[in-house]
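Structure first, commentary second.
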Amino acid sequence: MLKHLFQPLLAWYQTALETGGYWVVGLLMTCESSVLPIPSESIIPLAASWSHTGKISVSLPALVLAGTIGSWLGATIVYWLARLAGRPLLMRYGKFVLITPDKIQRSENWMAHYGAAGVFIARLLPGARQLVGVPAGIARMDYLKFSIFTLLGSAIWCSVLAGLGVKIGADISKGEMHKVVLFILGVVAVLGVLYYFFVHRHMTAGKADAGRPKAE
């Protein structure tokens, strides 16, 4: 059932990669890092697996680079939107671009806890990547610093996802589906733990946490 449901989408993605190459990955990662709910976990691993097995003619380094630049571009869009609009305007109208008051508050809680380094950390964690540009823009964080932290974190994250894609694709090619299932369950468990301890607790903290001095 699931195979028939996702097969057309997978076929489209593979065709798009064959014709558009790394530009497709860059565009999708731009969307993922801005306001559109497209998970990077469904973009990079598939492309990396197909690249490794020769189904598409895009190299792994090109995929990682495209994903990194796309992530930075998407984060830049959110950063400048927040910086130019300001907090009051975003709190009132941000919902029209999927930036709700709740998301703004949670992202500010995150930055209040981690400070400028939170930009780098956020690029490595689910649930924080798309939001971190909001408080950074509102606080008018130095754009060069924001870009450097974003690029570094995004490069690491895209490299990890590409590695996962190659690993899973290799096991599928060998017919060792039990390894794939166990591997995916392990990754999901690790991400779940990281999300709870580094994202959920701080993003849902009270206003008192948001008022703490930011770390330099």
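Things to note:
A quick yes/no check of all residues on (1) surrounded by fewer than 22 Cβ atoms within 10 Å (Cβ to Cβ); (2) under 20 Å from the mean Cα position of the chain (by Cα):
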| residue | (1), (2) |
| --- | --- |
| P88 | yes, no |
| R106 | no, yes |
| R140 | yes, no |
| L151 | yes, yes |
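Residue-by-condition table, conditions (1) in a helix (DSSP H, G or I); (2) modelled with pLDDT of 85 or more; (3) crowded, with 22+ Cβ neighbours inside 10 Å:
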residue: V64; (1), (2), (3): yes, yes, yes
residue: T68; (1), (2), (3): yes, yes, yes
residue: A82; (1), (2), (3): yes, yes, yes
residue: M91; (1), (2), (3): yes, yes, no
residue: K95; (1), (2), (3): yes, no, no
residue: K103; (1), (2), (3): yes, no, no
residue: H113; (1), (2), (3): yes, no, no
residue: F120; (1), (2), (3): yes, no, no
residue: G127; (1), (2), (3): no, no, no
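- Y79 vs. criteria at negative phi and touching a Ser or Thr at 6+ places or on another chain (Cβ under 9 Å): yes
- Candidate set from region 10-47 (those that are touching a Leu at 6+ places or on another chain (Cβ under 7 Å) and not in a helix (DSSP H, G or I)); member that is modelled with the highest pLDDT: I43
The values are calculated or read from the model by the stated rules, or taken from the named source; none is laboratory data. Note that the coordinates shown come from a computational prediction; the quantities given were computed from them, not determined experimentally. Using ideal geometry, Cβ is built from the backbone for each residue, glycine included, and neighbour counts are taken over all protein chains shown.
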